[in-house]
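Values in this text are rule-based calculations from the coordinates and carry no lab data. Owing to the predicted nature of the structure, the values given are computational and were not obtained by experimental measurement. Here Cβ is always computed from backbone atoms with ideal geometry, including for glycine, and neighbour counts include all displayed protein chains.
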Amino acid sequence: MKKSVSRRNFFNQTIGIGAGALLLPLFPKINLRSSADRNKPLIITSHSNETGQKAMETGWEVLMKGGSAVDAVEKAANIIEVDPEDTSVGYGGLPNERGVVQLDASFMDGKTYSAGAVACLENIKTPASVAKLVMQHTDHVILVGTGALEFAKAWGFAEENLLTEKARKIWLRWKEEMSPADDWGAPEHLQNIMKKESYRKDFPDIEHHYGTTNVLAIDTNGDIAGCTTTSGLSFKLNGRIGDSPIIGAGLYVDNEVGAAGATGRGEDVIKSCASYYIVLRMKEGRTPQQACEDALRMIVDRYRKVNPDYFPSEKFVAINRVC
Ligand code: ASP
């Protein structure tokens, strides 16, 4: 049955965003492209910068030619992954504590409920594409570390150094600034560095020490796919895996309902199974916007019981199908 949606409430019906800034009048920016035909096709990228824009346009072209949501999402994610200036995703991403760039990515096809992911993948610029191959060519869901690298190489991906000069300098500065009070990747420590005038002067475009991109799309057949890709928390412990490659945490897609993706502190997102929760809430009739806010509220309610000053850093994006 078709659900009618007026142009006015179109955005509430089809996409949603939620941020740690939920309690303030602030929301993350996203890139959205959709047709006038309700939400088919539709693509969003959680990166709103110029590269995010280019990524969205690239995915949109795939969709407009009748391509699948899976292909559109992959092409869009790749644009962001190979951007050397982006310190949060793929090539140029900030490294772990050893100065090694370890990437996490996941892919999900809402039509078949199949999913694939890679974690702690080194030397491969486009982990989203490797995750897609795990999804399409194995019955596994996650490959990690050297296993993920072997798999990528078997599929013809070239090994490359992912640590750019810019990322190396930022990592070295982080090491210089370490003190006995620091903890690995603890959010407070990372924020403290950024407050320093010298750091802001030297690295003016670094707004945070984390970041991820989510790409969600609906194709002309109404099939939905999503991808989440990241270099993860900067200066993390060697081998740390965030939420991005965990299906249900950093990403979840269900053709019958919609899709959701997460960025922000992965540990909180994993422990709350946030993307799955958002999709479940949409299934219960919540709009994407409401479902994203529900997830944030769930996280805040839990953590504030332990720490009254807790402020969430998570951001969510979601789309639902209108049919
Ligand atoms: N969620 C990512 C992680 O924890 C980082 C981020 O999105 O900021 O690895």
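Odds and ends about this structure:
- Packing order of peptides 226-232, 85-91, highest average first: 226-232, 85-91 (average count of other Cβ atoms within 10 Å over each peptide's residues).
- Anisotropy class of the range 223-284 from Cα gyration tensor, a/c 1.5 cut: prolate
- In sequence order, calculated HN-Hα J values of the range 301-312 (Karplus, 6.51, -1.76, 1.60; Hz; x Gly/Pro): 4, 5, 6, 5, 5, 8, 9, x, 8, 4, 10, x
- Whole-number D in µm² s⁻¹ for the range 49-152, Kirkwood Cα-pair radius fed into Stokes-Einstein, 20 °C, 1.002 mPa s: 153
- Shape category assigned to the range 219-323 from the gyration tensor of Cα positions, a/c cut at 1.5: oblate
- Between the range 86-154 and the range 255-292, the alpha-carbon centres lie 21 Å apart.
- Candidate lysines for bridging to Lys305, where Cα separation is under 24 Å - those fewer than 8 sequence places away on the same chain excluded: Lys271, Lys315
- Taken one residue at a time, the phi angles of the range 160-172 give Karplus couplings (6.51, -1.76, 1.60, θ = phi - 60°) of 9, 6, 9, 7, 7, 4, 4, 5, 5, 5, 5, 4, 4 Hz. Gly and Pro are set to x.
- Taking the range 48-144 as the region of interest, the number of lysine pairs whose Cα atoms are within less than 16 Å, with members eight or more places apart or on different chains, is 5.
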